[in-house]
Every structure is written in structure tokens, then in C-alpha cells.
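Visitor: Just passing along the structure, written as C-alpha cells.
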Amino acid sequence: MTHDMVTIGKTDIHTTPLGLGTNAVGGYNLFPNLNDADGLDLVKTGLNHGIQLLDTAFVYGLGHSEELVGQAIHDFDRHSFTLATKGAQDFSSGEQVINNDPAFLTQQVNASLQRLNTDYIDIYYIHFPDKRTPKAEAVGALERLKEQGKIRAIGISNFSLEQVKEANVDGYVDVVEDEFSLLHRDHETDLMPYLNEHQISFVPYFPLASGLLTGKYTQDVSFPADDIRSQISDFQEPRYSQILQAVAAVKPIATAHQATVTQTVLAWYLQNPEISVVIPGAKRANQVAANAQALNVTLSPAEYQTIDQAFASFKARPSGKSLADPD
């Protein structure tokens, strides 16, 4: 492996810059036709191919993803990988409410520990901010759990820059996870300078932008109304054509490295100094193995710039998020 380990925030957690997002491991509420055996295989394949950060969440299958990840890691040395999970969804009323109340978050961390069948969670994220809990109080609850050794790093996800500042008023935040990709670059100007200044790690999700950055899409594509992609602005014209044009610029670089477009795009993130760990998801074990090969692709500074420039127009457009936050 050619890449150095990265450090998470101000902690002593060291991990690979390539992780695995596990929403398709047990996330039966997110994807059709998932199979538990495939999910277990996915996680094990990642760990066997040098991927050391696993990113899951309560809301992936309402605990089922955590349970499967907990089973998959059973035969591995617990200190050889980094485990991240997220919580904030409260179903006690019968419907989903986002809740950052300190007592609720504490209960959630304890429940995640049980489902993951582990003594500690390396990174625990507040998955979404709620509308009432003061952010510093929510983070304070995680700080107490950190002091107890139940979690090792405090994360927040889907927080605006203002909310990140509020959450970090005591300097407790170690890592921020949010949507970011070559197509969704607005954080380069707002969030990243703040994170840099405060030694907070950044972990982007949707790095392959629903598969748009894999090179698999062509000009003539349409999605049925019940396909989530039909609602994502990246798939609407004229933006869609502009994306395909930018992706085409990656192809000769991929060819030069005997790599896929996906591996080449992941290599760009791996070399981006603003990004700590990139966590592409996967549905099949062979995709995970292929993604892990990105660790062996080293772009020249000129190649890095070529990719950066191909997607430069996406910096100027605040693209917002692919999917709406749950209220």
C-alpha cells in the first residue's frame, strides 16, 4: 500500500485513507433485494484488502447493518480497524424524529455497542442535527462517553458550517462527515478552511455521486419515477451532460494507470489534502476489492490538476445535497 495512515482529528486513531460505507450491508430499508451473506462478505473483503475504516449507522436497516458489521468483524483483531457509526433517529413515537438530546444519544451509543458486539466505537457521529438541542450540549454527551472509553472520537454529520462552529465551541469535535464529491464542491470554500484551522478531519460521503463518477453512465439514460435517481439534480439536463463531459476527461488518466475511472477518482480524493478518509459504498464484494486497488494508484501533480480542472465548474455552483435531510 502506497498511502500513509491518516490521523482522525486530535485523537490517536490512525487509519487508512480509504474506508467502506456499509449502507448496503443490512440496509434493507434503503436498497431492494439485499442479502445478509453478501453483506458479511462485503465487510470481510474490505478488511482483507487493506481497508481499515468501516462506516455504518443505526438507520441502515434500523440496527441491522450494525449487527451484520458486528458479526463480520468477529474474526478480526479489533485493534486492526476503525469502526464508525452514527445515530440521531428516534422512532419512539412510531415515526422518525431527529433527536440530539444528551440522554437519547447516550442510549443510542450503548445500543450501538451492543449491536456491534464491541467494547468501544472508534468514531461516533451525530447523524443529523435536530432543531432544538444546543449543539454543544449534544457534543458534551459524546465527550462524557469518550471519557468513559465507550467512544474514541466525536463526529458530527450533515451539520452546516454555523452548526459545526456551535458544536465545536469547546473544541471537542474530531471529525465531520458530509456530502462532498467532484460534483458537489461547495464545502471547499465554506467548511474546509474552518476544519483545517481547528484540526478536524473531513470524511466525504457519496464520493462517487450515485455512480456518476464511475464512468458507467451514458448520454441516453432515464429512470422510472420510483428510482431515487429520478429526483437527484445531477441526473437532470444540462447538468447531466456537463458531468459526463468532465468524467470523460478522467478516462485517459485511468487508462494510463491501467485503472478504472472509479479507482482514478478515488485516487484523487486519497491525494486531496483536505480529505481524511473517503468511504465509497458497495453492493458486491468484488466492488470492494476493486475500490481497494485505488490505494495503488498514484496520480502525478499534473494528473491531479487535470481532474481538478475538469470539474472546476462545479466549484462555482452550490449544488446543495443530493437528497433532502430528514426533518
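Visitor: Report, to the nearest 10°, how far helix 261-271 tilts away from the longest principal axis of the Cα atoms in the chain, using its own Cα long axis and a range of 0 to 90°.
Guide: The angle comes out at about 60 degrees.
Visitor: Quote the relative contact order of region 172-327 in percent (integer), defining contacts as alpha-carbon pairs under 8 Å separated by 6+ residues.
Guide: 32 percent
Visitor: Of Phe81, Leu105, Gly70, which is farthest along the charge dipole of region 57-110 in the positive direction, counting Lys and Arg as +1 and Asp and Glu as -1 at C-beta?
Guide: Among Phe81, Leu105, Gly70, the one farthest towards the positive end of the dipole of region 57-110 is Phe81.
Visitor: How much length is gained if the chain between Glu197 and Gln107 is pulled fully straight, taking 0.36 nm per residue apart and subtracting their Cα-Cα distance, in nm to one decimal?
Guide: Result for the pair: 29.2 nm of gain on full extension.
Visitor: So, with +1 on the Cβ of K and R and -1 on the Cβ of D and E, and no other charges, what is the size of the charge dipole of the chain about its Cα centre, to the nearest 20 debye?
Guide: Roughly 480 debye, rounded to the nearest 20.
Visitor: Let me ask something additional. Find how much the distance from Leu244 to Ala324 grows on full extension, using 0.36 nm per residue of separation minus their present alpha carbon separation; answer in nm with one decimal.
Guide: Contour length minus Cα-Cα distance gives 26.4 nm.
Visitor: Quote the charge dipole size of region 42-100 about the Cα centre in Debye, to the nearest 20; the model charges only the Cβ of Lys and Arg (+1) and of Asp and Glu (-1).
Guide: Charge dipole, region 42-100, about its Cα centre: 160 debye, nearest 20.
Visitor: Net charge around Gly26, counting only other residues with Cβ within less than 9 Å of its Cβ (Lys, Arg = +1; Asp, Glu = -1)?
Guide: -3
Visitor: Let me ask you something else. Could you order peptides 17-26, 65-74 by the average number of other Cβ atoms within 10 Å of their residues, highest first?
Guide: 17-26, 65-74
Visitor: Remind me, relative contact order of the chain in percent, using alpha carbon pairs under 8 angstrom and six or more residues apart?
Guide: Contact order relative to length: 20 percent.
Visitor: In angstroms, what radius of gyration and Dmax does the chain have, counting Cα atoms only?
Guide: 18.9, 55
Visitor: In nanometres, what is the gap between the two model label sites at Ala225 and Asp75, each 7 Å from Cα along Cα-to-Cβ?
Guide: Computed distance between label sites Ala225 and Asp75 equals 4.7 nm.
Visitor: How high is the relative contact order of region 19-114, in percent, counting Cα pairs under 8 Å that sit 6 or more residues apart?
Guide: 26 percent
Visitor: With each label point set 7 Å from Cα along the Cα-Cβ vector, what nm distance links Ala37 and His3?
Guide: It is 3.1 nm.
Visitor: Another question about this same structure. If you find the alpha carbon centre of region 95-173 and of region 248-266, how far apart are they in angstrom?
Guide: Cα centroid to Cα centroid, the span is 37 Å.
Visitor: Sorted by mean Cβ packing within 10 Å, highest first, what order do the peptides 201-207, 7-13 take?
Guide: The most tightly packed comes first, giving 201-207, 7-13.
Visitor: Mind checking which of Asn168, Tyr205, Phe91 is farthest towards the positive end of the chain's charge dipole, using Cβ charges of +1 (Lys, Arg) and -1 (Asp, Glu) about the Cα centre?
Guide: Tyr205
Visitor: Next up: Name the residue from Ala138, Leu323, Asn272 whose Cα lies farthest towards the positive end of the charge dipole of the chain, charges +1 on Cβ of Lys and Arg and -1 on Cβ of Asp and Glu.
Guide: Asn272
Visitor: On a C-alpha basis, how far is the centre of region 195-237 from the centre of region 282-327 in Å? Whole number, if you could?
Guide: One Cα centre to the other: 9 Å.
Visitor: Compute the helix-to-body angle for 135-147: its Cα long axis versus the longest principal axis of the chain, expressed 0 to 90° and rounded to tens.
Guide: In the chain, helix 135-147 runs at an angle near 70 degrees to the longest axis.
Visitor: Of the listed pairs Lys10/Lys315; Lys44/Lys135; Lys131/Lys165; Lys146/Lys321; Lys44/Lys131; Lys10/Lys165, which have alpha-carbon separations greater than 26 Å here?
Guide: Violating the 26 Å limit, Cα to Cα: Lys10/Lys315; Lys44/Lys135; Lys146/Lys321; Lys44/Lys131.
Visitor: Can you figure out the FRET efficiency of Ser92 with Asp119, using R₀ = 22 Å and their beta-carbon distance, to the nearest 0.05?
Guide: So, using R0 = 22 Å, E works out to roughly 0.25.
Visitor: A further question follows. Would you please put 192-200, 266-274 in order of how densely packed they are, using the mean number of other Cβ atoms within 10 angstrom per residue and starting with the highest?
Guide: Taking the mean over residues of other Cβ atoms within 10 Å, the ranking is 266-274, 192-200.
Visitor: Tell me the label-point distance for the pair Lys165, Ser313, using the 7 Å Cα-to-Cβ offset, in nm and rounded to one decimal.
Guide: Here the modelled spin labels are 3.3 nm apart.
Read the figures in this text as sums done on the coordinates, not as results from a lab. The shown structure was predicted, so the numbers you read here are calculated from the model rather than taken from an experiment. Neighbour counts run over all protein chains shown; Cβ positions are idealised from the backbone, glycine included.
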